[in-house]
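None of the figures in this text is laboratory data; all of them are computed from the coordinates on show. Values in this document were obtained by computation on a predicted structure and should not be read as measured data. Using ideal geometry, Cβ is built from the backbone for each residue, glycine included, and neighbour counts are taken over all protein chains shown.
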Amino acid sequence: MSGTAQDSDQNETTETLSGAEILIRALTDQGVDVIFGYPGGAVLPIYDALFAQNNIRHVLVRQEGGAVHAAEGYARSTGKPGVVLVTSGPGATNAVTGLTDAMMDSIPIVCLTGQVASHLIGNDAFQEADTIGITRPCTKHNYLVKDTDEMGRIVHEAFYVATQGRPGPVVIDLPKDICVNQGVYEMPDLDNLQHKTYRPPTTGKESQIAEAVALMAGAKRPIFYTGGGLINSGPEACAKLRELVKLTGYPITSTLMGLGAFPASDDQFVGMLGMHGTYEANNAMHDCDVMICLGARFDDRITGRLDAFSPGSTKIHVDVDPSSINKNISVDLGIVGDVGQVIEQMLAGWNKAGHQPDQAAAKDWWTTIQRWRSRDCLAFEQGKDVIKPQHAIQRLYELTKDRDTYITTEVGQHQMWAAQFYKFEEPNRWMTSGGLGTMGYGLPAAVGVQIAHPESLVVDISGEASFMMNIQEIATAVQYRLPLKVFILNNRWMGMVRQWQELLHGSRYAETYSEALPDFVKLAECFGATGMVMEDPASLDDDIRKMLDIDGLVIADVRVAKEENCFPMVPSGAAHNEMIMAGNKAAESPKVTDDGMALV
Amino acid sequence: MSDETNAGPKHTIAVLVDNEPGVLARVVGLFSGRGYNIDSLTVAEVDARRDRSRINIVTSGNEMIIDQIRAQLERLVPVFNVVDLTEDGPSVERELALIKVVATGENRIEALRVADIFRARAVDSTMGSFVFEVTGDSGKVNAFIDLMEPLGLAEVSRTGVVAIARGADAM
């Protein structure tokens, strides 16, 4: 070391390190505090570099798929990108489901995958997979690092791409030799990073904002239709949304992804919309004259039959991704921009123009909505013998609502009941696999949430079939002493599929019975967790309290009514105003056509 | 569904991309993954100093689909700019084809005559064959190939469409 003062000054910005050390440095400079991962041959140099430092904590999952879901849970509950580290070949391919899940739900993830040494790429080497080729369609972008000097730049760029605009997963594929070789690291000016080509939109066009505000002010039967874009835009965006909704007095509905952006207990909230949305939300969407879609994407689970979707309305669509506009539904006014910034512009535009909502029209519109509401579409009857799944979630909600609670779910009936009956007041409290519908998401996602919020209550509302899909992550939760509560609504069926078989396939229950289920109590105990059975409606509250009081991982086997269906339901191929309600027999329900059947 | 996708006029779309490995695979994967058509595709580096390539894609679809294609292309991270040359004003389109005709006697002479009319050049010749080079829009190339068919058409190699907007504005 030749040590002149000038040299050491330079060293503060430029250093020669191994590729793995550069990686860890860049992650540290990005403020990463935790990585979810699983080691293997190709990533050994990275694990060595991790071992030598204390800034970044590594959480060892039990399968790489779990690592990505855990990182998703971390990202969704904090608003920060989640980081994953997996090895080459099977490590990377196991991560693909999670990456696709993050892509569909626009979750910022940076996934570091090991790769065989550069000279072996393309030779069918041991644990080699074409990770870049495989992950190209399921990531927002991906990189193969070919030069150690490029490592730092690529890592910082990956975080930029993952988090800016519409967030998404980014893969960095890291050949082993690149991690071993020496290279130069230079800390970039993170506040002024500009990508060579990628220019995420920010504010909306002022002329369009003015047009939107005028449409909103002139509306007789308006509705806000909000989605996950608000959660991604951040708590400030959600605060602005509340301001706008209060200012106008208009009703608001939300997609599955957007729950919590607006308080569910507020009287202006008409509940979730879509396939299992409320009667009032779907009817209001169908009959509205001005629809203000904020950060949602007209997914097929929302729209139902396209040609019958809200036929008479003028549609305003705000989205940060121009490709979401006019993709499924042709809208009248598409505004490209960050939804939080656009709402702020809308507020300013509304106030500047001195708009007042039409009070007489509002009164009529709310009267109509109250009539729909009085139908009480989520009503169910809790008898004395068996716990109804809706009741279980309702009680869970009542007993946890005053705590600092985060909820994750798996996929299926329990997920829809959770969305219907658990009322979210704040953003980032609700983690569920919306777009991809990944069974097995909830447990690893809960691990990620609990790692990010060690003092909070984290509940995975689960189903017995989904729970089996990533059951290995119990060991992760036990290892890190995560006091998760897994609340399994056990109906011994793959409930949602069974429901579809009942309604659409003549009750031919092909392969949907949960045969050979484990004893969940013993299962919990063999992992070193606590198991519970809840089966008596009379003691449910006590059982839930008991679960909450246990300082440690609890797996609760909640035995619920086996053949309960999730209603209301817009059957596929039907319009929003043709819902199947609880109590309807399948025969009396709107007829599902072959076309509808194929829509699934 | 695919009928709906195929419906609609042809559009020539020019995409300026960062010349990084895999960028073509991203564009092609986008088209196959989302069920869009590719009638023709050309790609080459156009700016070595700034490391930029240009991809010209001829596709077809109704207005909604063409708008989607454009938006989806713009969403790809290494894409600088996307221009729908068909939509955004007049443009020039050219294709180059090499066409092998195996013929003797009268057919051989006729092939040369037709080539002359199309301003095609013979770039290779044996006693029993020609390779013609013809340049023009796709319609002209198609017409030339059709005429060669009865005269002994043996093999065709086409570049696909390259296109550029008319006028002073650059992409």
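Structural remarks
- A:K205-A:E426 pseudo-label distance in nm [points 7 Å out on the Cα-to-Cβ vector]: 3.9
- For region B:91-163, Kirkwood radius (reciprocal of mean inverse C-alpha pair distance, Å): 12.0
- Karplus-derived 3J(HN,Hα) values for region A:311-320, using 6.51 cos²θ - 1.76 cosθ + 1.60 with θ = phi - 60°, are x, x, 9, 8, 10, 10, 10, 10, 8, 7 Hz; glycine and proline are entered as x.
- For the residues of B:71-80, the average number of beta carbons from a partner chain within 10 Å of their own beta carbon is 6.
- Viscosity 1.567 mPa s, temperature 4 °C, Stokes-Einstein D of chain A from Kirkwood C-alpha radius, µm²/s: 51
- Each other residue within a Cβ distance under 10 Å of B:G160 adds +1 if Lys or Arg and -1 if Asp or Glu, for a net charge of -1.
- Rounded to two decimals, the Cα radius of gyration of chain B over 2.2 N^0.38 Å is 1.20.
- Take the Cα of A:D267, step 7 Å toward its Cβ, do the same at A:N54, and the gap between the two points is 5.6 nm.
- Legend: calculated FRET efficiency, A:S118 to A:Q359, from the Cβ-Cβ distance at R0 = 51 Å, rounded to 0.05, equals 0.15.
- If R0 is taken as 51 Å, the Cβ-Cβ distance between A:R403 and A:R375 corresponds to a FRET efficiency of 0.95.
- Diffusion coefficient, µm² s⁻¹, Stokes-Einstein with Kirkwood Rh over alpha-carbon pairs of region A:206-373 at 37 °C and 0.692 mPa s: 213
- Partners of A:K352 within straight-line reach, counting aspartates and glutamates whose Cα lies under 19 Å from its Cα and excluding those fewer than 8 residues away in the same chain: A:E206, A:E211, A:E243, A:E344.
- Length added when fully stretched, A:R545-A:F126, from 0.36 nm per residue minus Cα-Cα: 145.8 nm
- The modelled label-to-label distance for the pair B:N81/A:D385, using points 7 Å beyond Cα in the direction of Cβ, is 7.3 nm.
- Chain lengthening between A:V521 and A:H195 when straightened (0.36 nm per residue, less Cα-Cα): 112.2 nm
- Relative contact order for chain B, counting Cα pairs under 8 Å that sit 6 or more residues apart, in percent: 26
- Taking Cα centre as origin and charging only the Cβ of basic (Lys, Arg, +1) and acidic (Asp, Glu, -1) residues, the dipole magnitude of chain B rounds to 380 debye.
- Degrees separating the helix A:442-452 axis from the principal Cα axis of chain A, which is the longest one: 60
- In order along region A:223-231, the Karplus-derived 3J(HN,Hα) couplings, from 6.51 cos²θ - 1.76 cosθ + 1.60 at θ = phi - 60°, round to 8, 8, 10, 10, x, x, x, 5, 5 Hz, and Gly and Pro are given as x.
- Whole-percent pair-distance distribution, where bins are 5 Å wide, for the alpha carbons of region A:11-192: 2, 9, 19, 23, 23, 15, 7, 2, 0
- Summed side-chain charge close to A:I461 - residues other than A:I461 whose Cβ falls under 11 Å, Lys, Arg +1, Asp, Glu -1: -1
- Candidate lysines for bridging to A:K546, where Cα separation is under 27 Å - those fewer than 8 sequence places away on the same chain excluded: A:K384, A:K388, A:K401, A:K423, A:K485, A:K522, A:K562
- Couplings for region A:530-536, taken from phi via the Karplus curve 6.51 cos²θ - 1.76 cosθ + 1.60 with θ = phi - 60°, read 9, x, 9, 10, 10, 9, 9 Hz in order; Gly and Pro are left as x.
- If R0 equals 35 Å, the separation of the Cβ atoms of B:V92 and B:R113 corresponds to a calculated FRET efficiency of about 0.80.
- Protection-proxy order for peptides A:497-505, A:200-208, each taking the mean of Cβ atoms within 10 Å per residue, highest first: A:497-505, A:200-208
- Net charge of neighbours whose Cβ lies under 15 Å from the Cβ of A:S374, counting Lys and Arg as +1 and Asp and Glu as -1: 0
- Shown here for region A:519-562: trypsin sites (Lys or Arg not before Pro) in loop regions (DSSP other than H, G, I, E, B) with at most 16 other Cβ atoms within 10 Å, namely A:K562.
- Against chain B, whose longest principal axis comes from its Cα atoms, helix B:23-34 is set at around 80 degrees.
- Amide H to amide H, with H built 1.01 Å from N, A:K205 comes under 5 Å of A:V336, counting only residues 5 or more places away or on other chains.
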